[in-house]
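Worksheet: the structure to be examined is printed underneath.
The values are calculated or read from the model by the stated rules, or taken from the named source; none is laboratory data. What you are looking at is a predicted structure, and each value in this text was computed from that prediction instead of being measured. Reconstructed Cβ throughout: ideal geometry from the backbone, glycine too, with neighbour counts over all protein chains shown.
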């Protein structure tokens with residue numbers, strides 16, 4: 001019986017140490033361009049090739065992606081609807097514009113996030129999360145933001 005407990009403990013230690021290394025390895029300071037990315041779905045590969053041949057293509061990277069609710073005073077600094085570049089996030093979301101926060105690219109940069117789509121960077125994240133992307137969601141979409149959670153996804157950077 002002790003043997004099974006030891007195996008379980010070793011497995012848990014190895015699992016969590018690998019998870020921590022993965023989390024650290026994706027939190028990069030600069031984007032990593034991977035032009036030889038092989039994808040299983042042909043449609044996605046064609047879409048990437050179209051983006052990568054355009055003059056607006058900046059690079060690809062994997063980032064930690066989270067979501068926040070614009071307008072919630074507990075999730076934002078200062079005025080909860082005004083972004084770091086001065087735009088009204090709450091109004092933009094009401095017009096169904098996808099916007100996000102990121103510190104590793106300039107304001108106005110378009111990020112194409114795997115499984116989410118394109119969003120325009122208009123806000124900044126907390127300095128302790130300088131390499132993340134935080135997707136803005138409406139105030140009444142707290143369940144949706146919580147369900148989104150924290151994911152590591154491929155991000156294509158477009159000017």
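For first residues located in region 96-112 and in contact (Cβ under 8 Å) with a residue 40 or more places away in the chain and at negative phi, partners that are assigned to a loop (DSSP other than H, G, I, E, B) and surrounded by fewer than 17 Cβ atoms within 10 Å (Cβ to Cβ) and lie 6+ apart or on another chain with Cβ distances below 9 Å form the pairs 104/28; 104/29; 104/30; 104/130; 109/159; 110/56; 110/159. Which condition does residue 138 not pass, out of (1) under 17 Å from residue 77 (Cα atoms); (2) surrounded by 14 or more Cβ atoms within 10 Å (Cβ to Cβ); (3) out of contact with any helix residue (DSSP H, G or I) (no Cβ under 7 Å at 6 or more places or on another chain), if it passes all the others? Checking residue 138 against (1) under 17 Å from residue 77 (Cα atoms); (2) surrounded by 14 or more Cβ atoms within 10 Å (Cβ to Cβ); (3) out of contact with any helix residue (DSSP H, G or I) (no Cβ under 7 Å at 6 or more places or on another chain), the one that fails is (3). Applying the criterion of being more than 15 Å from residue 60 (Cα to Cα) and in contact with a helix residue (DSSP H, G or I) (Cβ under 9 Å, 6 or more places away or on another chain) to the residues of region 117-135, the residue that is surrounded by the fewest Cβ atoms within 10 Å (Cβ to Cβ) is 120.
Which residues, taken from region 136-159, are farther than 22 Å from residue 59 by Cβ and not in a loop (DSSP other than H, G, I, E, B)? Residues satisfying the conditions are 136, 137, 142, 143, 144, 145, 146, 147, 148.
Taken as a whole, the structure leaves residue 92 outside the set of residues that are under 14 Å from residue 156 (Cα atoms) and modelled with pLDDT of 70 or more. Counting only residues that are part of a loop (DSSP other than H, G, I, E, B), surrounded by 16 or more Cβ atoms within 10 Å (Cβ to Cβ) and in contact with a helix residue (DSSP H, G or I) (Cβ under 8 Å, 6 or more places away or on another chain), region 53-79 holds 2 of them. Kindly establish whether residue 158 is within 15 Å of residue 70 (Cβ to Cβ) and touching a strand residue (DSSP E or B) at 6+ places or on another chain (Cβ under 8 Å). No; evaluated as a whole, the condition is false for this residue.
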